[in-house]
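Here the structure is laid out as structure tokens; the discussion comes afterwards.
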Amino acid sequence: MLLAIDIGNTNIVIGGIRDDEIVFKARIATDRLKTSDQYGVEIKNMLEAFGIVREDVSDCIISSVVPPVFNSVNTGVIKVIGKQPMVVGPGLKIGLNVHTDIPSQVGSDLIVTAVAALAEYPAPLLLIDMGTATTVQVIEPTNVFIGGLILPGVMVSLDSLSNRTAQLPGISLEMPKHIVGKDTADCMRSGVMYGTAAMLDGIIDRISQELGHSFTVVATGGLAQFITPICNHDIILEKELLLKGLNIIYKKNKR
């Protein structure tokens, strides 16, 4: 079984993949203060919770957008499985042509999700990833990544609204009953969720106008399931692009 790990700003996604099938998926909180021993224990406990023993893990691949956490997780994994993980970065074959001014600045999570999306959908492709930040990637025919946009994430916007206003409370993210809210909590939910949906619809329209053609639009990330149903555009929801992409990249570069 391949152990696939993506280190994000809020959560670390851990998945087990056997014969291209995701057999388990879990999340642990990203904590810059944890040591490699602490991450090792958390990963070991997570594997055991799904009935996975050390001998079941044949190899590991890691992508990370949090450099201060990467070394601790990487070392923790080595302590648990006794193998050096493959790391997504320069030098790996990915099957994607990155045509940006500074290719090295493109986050590994964006690369991984783009690789997975291209394996299932034809370019031109707009790929929306809704996590701590909301990102939009533009992929043209012949698998050319030309750039994109980075926006505040849904929860970042919601937390900022609560933290910077005296009378607005912290609220959970749920579907509002109506677009016009009748109480403070529903007004906040409606503003953040329908506002994000309208923003994405507008961005899709503007990118299509600028580049002169339409796109297949795919969304992923933990918050995409809340926003895509209320967008006007047809957006395909793919929950497992990160793990699928890590599996594809691993197979392209398997030792």
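The values are calculated or read from the model by the stated rules, or taken from the named source; none is laboratory data. As the structure is a computational prediction, the values presented were derived from the model and not from experiment. Glycine gets a Cβ as well: all are built from the backbone with ideal geometry, and neighbour counts include every protein chain shown. Accessible surface is based on the protein model in full, side chains and every heavy atom, while ligands, DNA and RNA are left aside. Shrake-Rupley method; radii C 1.70, N 1.55, O 1.52, S 1.80 Å.
Cβ-Cβ contacts under 6 Å between residues 6 or more apart (or on different chains), taken from a first residue in region 241-255 that is in contact (Cβ under 8 Å) with a residue 24 or more places away in the chain to a second residue that is of a type in the set (K, R) and assigned to a loop (DSSP other than H, G, I, E, B), are listed as K252/K93; N253/K93.
Per-residue answers, yes or no, for (1) within 27 Å of E238 (Cβ to Cβ); (2) in a strand (DSSP E or B); (3) open to solvent by 50 Å² or more (accessible area, probe 1.4 Å); (4) acidic (D, E):
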site: A4; (1), (2), (3), (4): yes, yes, no, no
site: I14; (1), (2), (3), (4): yes, yes, no, no
site: I28; (1), (2), (3), (4): yes, yes, no, no
site: L33; (1), (2), (3), (4): no, no, yes, no
site: E42; (1), (2), (3), (4): yes, no, yes, yes
site: M46; (1), (2), (3), (4): yes, no, no, no
site: G51; (1), (2), (3), (4): yes, no, yes, no
site: E55; (1), (2), (3), (4): no, no, yes, yes
site: C60; (1), (2), (3), (4): yes, yes, no, no
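Scanning region 147-169 for residues that are modelled with pLDDT of 80 or more and open to solvent by 70 Å² or more (accessible area, probe 1.4 Å) returns I150, P152, D159, N163, R164.
Applying the condition of being out of contact with any Pro (no Cβ under 9 Å at 6 or more places or on another chain) and outside any strand (DSSP E or B) to region 133-149 and asking which residue is farthest from I204 (Cα to Cα) yields T142. Of the residues making up region 62-88, just one is closer than 19 Å to M46 by Cα, open to solvent by less than 20 Å² (accessible area, probe 1.4 Å) and in a loop (DSSP other than H, G, I, E, B), namely P85.
Can you tell me which residue within region 213-255, out of those that are more than 27 Å from E174 (Cα to Cα) and small (G, A, S), is most open to solvent (accessible area, probe 1.4 Å)? Filtering first and then ranking leaves S214. Restricting the first member to region 211-240 and to residues that are more than 25 Å from E140 (Cβ to Cβ), and the second to residues that are open to solvent by less than 60 Å² (accessible area, probe 1.4 Å) and part of a loop (DSSP other than H, G, I, E, B), the beta-carbon pairs closer than 8 Å and six or more apart or on different chains are G222/G131; L223/G131; L223/G153; L223/L173; F226/L173. Inspection of region 124-139 finds no residue satisfying the criterion of being in contact (Cβ under 8 Å) with a residue 40 or more places away in the chain, out of contact with any strand residue (DSSP E or B) (no Cβ under 9 Å at 6 or more places or on another chain), under 26 Å from I14 (Cα atoms) and open to solvent by 20 Å² or more (accessible area, probe 1.4 Å). Screening T196, T165, T220 for residues that are farther than 25 Å from A117 by Cα and of a type in the set (S, T, N, Q) leaves exactly one candidate, T165. Taking region 89-108 as the range and being in contact with a helix residue (DSSP H, G or I) (Cβ under 7 Å, 6 or more places away or on another chain), open to solvent by 20 Å² or more (accessible area, probe 1.4 Å) and in contact (Cβ under 8 Å) with a residue 40 or more places away in the chain as the test, the residues that pass are L92, K93, I94, G95. Residues that are under 21 Å from L96 (Cβ atoms) number at least 2 in the following helices (runs of 4 or more DSSP H) confined to region 150-255: 184-211, 241-252.
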